[in-house]
Each structure stands twice: as structure tokens, then as C-alpha cells.
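A quick write-up on the structure given underneath.
The values are calculated or read from the model by the stated rules, or taken from the named source; none is laboratory data. Not measured: the values here are computed from a predicted model. Positions of Cβ are backbone-derived with ideal geometry, glycine not excepted, and every protein chain shown enters the neighbour counts. Areas reflect the complete protein model, heavy atoms only, side chains present, ligands, DNA and RNA absent. Shrake-Rupley method; radii C 1.70, N 1.55, O 1.52, S 1.80 Å.
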Amino acid sequence: MSIDEREAAAEREISVGGTAPAERDERAARLPDPFTPQRRSLRERIGRPRIAVVLSVVWLILVVLWALFPSVFTPFDPIAGNAAEAQQAPSLAHPFGTDATGRDMFSRVVYGSINSLSGALIAVSVGFVIGTAIGVFAGSSRRLVDDILMRIVDVFLAIPSLLLSLSIIILLGFGTAQAAIAVGFTSVAAFARLSRSEVVRVRGTDYVEAAFASGGRFLPVLWRHVLPNSLNAVLALAALQFGTAVLSISTLGFLGYGAPPPTPEWGLMIAEGRNYVATAWWLTTLPGAVVVLVVLSANRVSAAIAARGRIS
Amino acid sequence: MRYVLGRLGQAAAVLLAAFTVAFILLQAMPGDAIMIKFENPELGLSPDQIAALRQAYGADTPLPAQYLHSLLGFLGGDFGYSIQSGTPVRQLLAEVVPGTLILAALGFVSAVILAVGITILANLPGLRRIADVFRSLPSLFVAVPVFWLGIVLIQVFSFQLRLIPVINPGPIEGLILPVLTLAVPISAPIAQILIRSVDDVLGYPFVAVVRARGADPWWILWRNVARNAVLPAFTMAGVLFGELIGGAVVTETVFGRAGVGRLTADAVTQQDTPILLAIVLLSATAFVVINLVVDLLYPVLDPRLGPRRRARVAAPRERKVVSV
């Protein structure tokens, strides 16, 4: 071992040895939470992680504004094309280029955000309402009911999520709302498991015991004590599922089970652009990049919410 | 032994329940695929003929009888008939399963290599300054839509660089891009869990002891950390299988490959419920079997979980649901 290596080893020893106990305690505390692997280490190493979160929030707000006021951001119509300007590469006038019928891609992306966002919102709501209801009920029921409910949830986990949503799509038919509901069902199991474990965890704490001992009834205690203390973890999961839902909805749209063709939907737009891969890269690449950024931002925000919960 | 039997029983129960759920969703609900196909006025079938057809498909018997019939059929390997083509579903599946198995196996192996590579790069003693770049790769991979990745890869490698022909690629050339497309999203959760467990293991006291005795970082990483850190990744096997199936549906559609995924997508488009039912059940079976094997093997692989502590094996399992 050379002197340099020794020094490096010693340095590592100090850095790891110095922080190890605290680090491990915090790690142990965070073990049941599988959603934030790199977030914490980034903060440790860089020291100013807020920038990523702030950028994510700004980006998400921008996309929400696209959905609410699309005409502010783009002068072009998303459906009616101008044949004279077909297949143009990205330029100042058309930042995302135009497609084969001369439609401005940027305006299609902007107008399409409402489909993706509202779809993801429906999906998360479906998963949240059904999943949390099952989870809270299971967590606060007796052992037998709890076991039965959670085994049913396990069954939903056993079916791959895409196949589960396809089974629901085949039942409900094609369309934006149908795709959103189908995606929502895939997150029921995650919400149920999380809310159950949170209820069980909070239920075992001294203050809940005290609340019951001082005469609290079941539902008020659930509302006053259990719910606020579980909210953070559930919110973090909801943000994560939002990103996942955007991804899944665009996948269903790409496969042709979502919105019908003239609709500007992100997944469908990529599917349509696929026929022009050789000549017009912007038709697929740019809408896809928007999807990636939205999902990435939602995951970052989710990690930030989860991290805040661990500190306080 | 009692534990093994109990686990087997539990797995069988989950499978039966999965069958029931899938049956209720796909067969018992009102949207009747046979009616959709044969009530089409172009076919000019009389109501009597439709009734006869329904009888031939067994759609007129009461639900409990249908349920029992399908259940017995599935146990015996008979998955019924495709509504669109009339071919036995078993035959349709047998044609496409090998192709998908090759794709999935190669995709999985590449994903593991990719994940291990990322983990090593993220922990290399010499690369600590840029370790964060590698640490953030998995979260980027998770956010990338599989179908988009496939198209971008075609764009770059087939059209820009002209490395892989689009039309009639050789059997091996034709597999490169689909395997890569499938591997990237699968590698993300593996890399995440590997990086995290390496971090965990590095914090254990025994690592400090080894280091104090003069071991260099490489030695620690390979001899002490790697063995301990790989174990938690095994618990993800079932979830990864589900992602492989979902990924195969999309990858095969993007690259126009025949396979289980393509069959699934076509079945959904044509509302061919028997095919979807069979695929859903086969995947659920595979998921349950994989989890069973992992649960039974874990105590063998990890000596810390001896027979007395087996009861705790099931508890710390994480099942993260990541849809594709």
C-alpha cells in the first residue's frame, strides 16, 4: 500500500467513522420507506440539494399553467394544421417543429398537458381513495379482517401492473378517462399497504393510547391523531404515483388505448411521430423529453416530501 | 418443513385468488366479447346462430359453472380458445413464448450488468467526485418511458449512425436494441437497491474494523461489502418479473417483434379476453413462484436468518410497485 493510498484510506475512515452512528440511526429510521434512495446522499455530498427540488416545482407549475391556460403559451392551434409549414425542424417560430400535417408540435404538447395531468390526477385519486380506505380499515380492524384484506391486496400485486391496467381497459373500453382509471387501480395496492402500515405504526404510539384512554372514540382519534401523523408518507407516495401515472397513461396512449387520434395526448403524439423517425426526429424526441422531465420532477418532489418527514 | 408447507399453501391461495379476480374482471363482467364479434351485422348471423355460437363457447352456462370449468381447464393446461381466431390459446402462447423468453432473459441479464456497473461506478474509491452523477442515473432511468426510449434508440443507432439495419436485421442484430430498451428501465430499481444496500453495509461496524486493520477500499468493496449488499436485491425478483412482462409488451410493439407482449396488445385491441386471461394468470403464477423460491432460498443464502428466525424473513420484504 503506497502512502497515497494509505492517506486516502485514512481519510475515508475519518469521514465514514465520524458519521457512522448518526448515519446508521437515520438509515434505520428510513428503512421502511423505499422511495428515496439517492436524495439523501445528494444532500450530504453536494450540500445544496434544494436547487433540484425548486427546479422540479417550477417545472411542474409551468406544466400546470400549460394545462390551465394553453393559449397564453402558444398562438397555434393544436388540431388544425397549416400544410404549407409541414415537417419543419425546430425553429424560433416552432420550438418543437411541426408534424406532417403542419401542426405546431409545441402547441400540441402544451394543449396535451391537460390530458396527461388530469389523467394522472384521476389515477392518483382512484388509487388514493380506494387504497387508503382499504388500508385504514385493515389497519384498524381485528387481525382476521386485516389478514384477509391484505391478502386480497397481495393478489393485485401479483398481477404485473401493465397487465392489470390492460385487463381493466378491456373491460371499460378505450378512452382518456378509462385509461386513467385503469392506471389508478394499479396503485391501489401501494396506497393500501402504506396507509395500513402507517395506521398500525401510529396506533402503537403512546399518544394514541393516551387519546383512547382519555375516552377518545375511534373515528375522532383516527382523524385527530392518526391521520395527521401519516399524512407525510401518504403525500410522498401520492407525488410518486403521480409521476408513475403520467408515465403509464402515456404508455397506454402510445399503445392506442387512450385518447382517440386527433387529441393531442403525449403518448399518442409519440406513436404518431414514430412513422417519421427517419426524417423528423423532433416529432418523438421532444414530447418524450417533456414526459421524462415531468416524471423526474414528480419523483424529486416526492423524495423531498419524504425527506421533510424524516427531519421533523 | 412446516414453514415450507405453509408457504406453499399460501402461494396456492394467492394463485386461486388471482384466478378469481382475473375471472371476475375478464369473464364475468358484462362486456361480452362473443357478442361484439358475432353481432356485427356484416356477418349476417341470425339470433339462433348467435345463441348456438354462445353455447359452443360456453358463454350461456351459469357463471359458477363457467368458473369451475375454466379453473379445471387452467389446472390441466387448457386455456380455452381465442375468440377472434378460434385457435386454442395454448397453441398461440406456445408459438410466441420462446421469443419473449429470449428477449426477457437477455434484457434481465443486461439490466443486472448495467445495475452492477452503475453501483460500482457510484462507489469507486477513485471516482468519488462524480459519484453523484451515477447515483442519479437510476432515478433518470425510472422516469424514461420505455416506448420512447426504444424509438430514440432506433433513431440514433439505425438512422443517424446506421449501425443496425432497420429492415431485416440479423437475428442477433435485431435483438440488440430491444434488449437495451428493456434493460434500462429494469436496471433502475436493481441499481437503486444495490446502491442503498452498499451504503448500508458500509455503515456497519465490521467495515470500520476491516478498514482499521488496513484493508484498502477495493478489498472492502469486493470481499466484505459486495457479498452482503447483493442479498436484498433478490427480494425484488418478483417485482422485476412483472416489469419485464410490462416492458415486453411495449418493446415488442415498438420493434414489431412477435411475442407474448405483442399477443397481449393485440388481444386488448380485439377484446380477446381468453388470451388476456391466460397471460394474466401465467404472469401471476410466475410472480408467485418466484417469490416463493426467493422466500425459501433467502434463509439458505443469508446464514443470519437461521431456521429459528425464519418467521422474520417475510416481514422485511419490500415490494415497491413501479409501473412501466
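Computed from the C-beta positions of residue B:12 and residue B:219 and an R0 of 56 Å, the FRET efficiency is 0.75 to the nearest 0.05. Among B:218, A:66, the sequence by solvent-accessible area, most first, with a 1.4 Å probe is B:218, A:66. Normalised per residue, the accessible area of region B:89-307 is 41 Å², obtained with a 1.4 Å probe and no contribution from ligands, DNA or RNA. When A and B come together, around 6200 square angstrom of accessible surface is lost from both chains combined, probe 1.4 Å.
Residues in region A:117-309 average 38 Å² of solvent-accessible surface per residue, probe 1.4 Å, ligands and nucleic acids excluded.
Of the solvent-accessible surface of region B:89-307, computed with a 1.4 Å probe and all protein chains present, 70% belongs to carbon and sulfur.
The largest accessible area among A:257, B:298, A:111, A:207 belongs to the first residue in A:207, A:111, B:298, A:257, and the rest follow in falling order (1.4 Å probe, all chains). Heavy-atom accessible surface of residue B:95, to the nearest 10 Å², is about 120 Å², with a 1.4 Å probe and all protein chains retained.
In this view, the solvent-accessible surface of residue B:75, computed with a 1.4 Å probe and all protein chains in place, comes to about 140 Å². Remark: the Cα gyration tensor places region B:89-307 in the oblate category, a/c being 1.5 or greater and a/b not exceeding b/c.
As a fraction of the 1.4 Å probe accessible area of region A:125-266, surface on carbon and sulfur atoms comes out at 67 percent.
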